[in-house]
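Values quoted throughout were computed directly from the atomic coordinates according to the rules given, and no laboratory measurement underlies them. Note that the structure is a prediction, hence the values are computed from the model and not measured. A quick note on method: Cβ atoms are made from the backbone with ideal geometry, for glycine too, and the neighbour counts reach across all protein chains shown.
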Amino acid sequence: MLKQVAEGVLIHESEFIQSKSVVVQGRAGVLLIDPGIQSDEMAQLANDLRDLGQPVVAGFSTHPHWDHLLWHATLGEAPRYGTARCAADIRDVLSNADWKARVAEVLPPEIAEEIPLDLLGVITGLPAETAHIPWDGPKVRIIEHQAHAQGHAALLIEERGVLVAGDMLSDILIPFLDLGAADPIEDYLAALRLLEDVADDVDVLITGHGSVGGADQVRARITQDRAYVHALRDGGLPDDPRVGPSATFGKDWLPGVHKWQLQQLAQKGEHAGTPE
Ligand SMILES: [Zn+2]
């Protein structure tokens with residue numbers, strides 16, 4: 001079911017970690033950002049859009065993680081985009097003959113059967129200097145940064161005051177760093193600064209997982225995420241409701257992710273101190 005969150009901007013929520021797909025109405029059809037998770041819900045979305053007389057004319061994946069790269073044949077054959085780095089990253093994965101088996105390993109087992117992998121990651125990389133998504137609709141600015149995943153992009157739908165933040169600024173998930181990067185902490189802090197630069201232009205915040213926020217949530221979540229990343233950097237215990245005793249989501253696994261991130265960063269630090 002589609003729900004309007006701003007003029008010409010609708011969302012669909014999947015059960016899996018409250019994933020959000022975003023539909024932006026254009027002149028001759030819609031832009032579909034991070035299409036969804038399960039076959040039947042993407043097919044339903046395609047149906048709903050057909051009923052509205054709004055074919056999908058473009059797709060966009062915010063970053064190269066499986067839950068943001070899916071597609072369903074009924075959504076049609078519109079061009080699908082990501083940043084050049086995002087496209088290169090997934091191209092690498094797809095170049096392995098056994099990529100499906102590898103991806104299947106990380107899918108949530110309870111819904112794995114319902115997740116269609118055939119069209120995963122079939123995206124075109126937009127050159128790094130691309131400022132806006134090429135499509136016939138409201139201007140959608142690409143804010144690329146290196147945090148959470150290679151070539152991660154937040155999207156600012158300028159005329160609608162909507163920020164689609166991908167896997168940044170979630171109210172239910174702590175920041176998941178891209179631990180393969182050379183300096184994941186600084187990358188993350190730099191990304192938060194980029195998002196802060198546009199905070200005044202945002203009335204509605206849509207994150208890849210979690211709840212939709214209003215204007216006040218942008219700075220509040222940036223502050224919360226920055227504090228978390230600082231705590232990670234300093235090896236301390238974060239005072240963060242998302243992994244605290246009052247957490248309402250992911251109590252059984254998020255504290256584990258936090259511990260794992262701490263361990264990985266500590267290891268990185270040791271290696272950094274070792275001369276070649
Ligand atoms: Zn995600």
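Of note:
- Rh by Kirkwood over Cα pairs, then Stokes-Einstein D for the stretch 127-276 at 0.692 mPa s and 37 °C, µm²/s: 202 µm²/s
- Nearest-0.05 FRET efficiency for Gln264 and Lys3, computed from C-beta distance (R0 41 Å): 0.65
- Dividing the alpha-carbon radius of gyration of the stretch 156-230 by the rule-of-thumb value 2.2 N^0.38 Å gives 1.05.
- Cα Rg, Dmax (largest Cα-Cα span) when computed across the stretch 1-56, Å: 10.4, 32
- With the simple model of a label 7 Å out from the Cα in the direction of the Cβ, Ala112 to Ser211 spans 3.3 nm.
- Tensor-based shape of the stretch 69-166 (alpha-carbon gyration tensor, a/c under 1.5 rounded, otherwise prolate or oblate): prolate
- The chain: angle of helix 215-233 to the longest principal axis, Cα-based, in degrees nearest 10: 40 degrees
- Per-residue 3J(HN,Hα) values for the stretch 129-141, derived from phi via the Karplus relation 6.51 cos²θ - 1.76 cosθ + 1.60 with θ = phi - 60°, read 7, 5, 8, 10, 5, x, 6, 9, x, x, 4, 10, 7 Hz in sequence order (x marks Gly and Pro).
- Sorted peptide list for 204-217, 236-249, criterion being average Cβ within 10 angstrom, highest first: 204-217, 236-249
- Lys/Arg +1, Asp/Glu -1 at C-beta; the chain dipole; positive extreme among Ala128, Trp66, Gln217: Ala128
- Placing a pseudo-label 7 Å from each Cα along the Cα-to-Cβ vector at Glu159 and Asn47 gives an inter-label distance of 3.1 nm.
- Dimensions (Å) - the stretch 12-129, Cα atoms, principal axes, largest first: 39, 38, 22
- Beta bridges per DSSP with both ends in the stretch 1-130, % antiparallel, nearest 5: 55 percent
- For His148, residues with placed amide H under 5 Å, excluding near neighbours: Asp178
- Between Arg226 and Lys139, full extension at 0.36 nm per residue minus the direct alpha carbon distance yields a gain of 28.5 nm.
- The stretch 197-254 - convex hull of alpha carbons, volume per residue in Å³: 102 Å³
- Considering the chain at the alpha-carbon level, its Rg and Dmax are found to be 18.3, 63 Å.
- Distance between modelled label sites at Thr248 and Ala190, nm, 7 Å Cα→Cβ extension: 3.6 nm
- Each peptide in 109-119, 155-165 receives the mean, over its residues, of other Cβ atoms within 10 Å, and ordering these scores from highest gives 155-165, 109-119.
- In degrees, nearest ten, helix 84-94 long axis to first principal axis of the chain (Cα): 90 degrees
- Axis angle, to the nearest 10 degrees, between helix 39-51 and the longest C-alpha principal axis of the chain: 40 degrees.
- Computed over the chain: relative contact order in percent, which uses C-alpha pairs under 8 Å that are six or more apart: 14 percent
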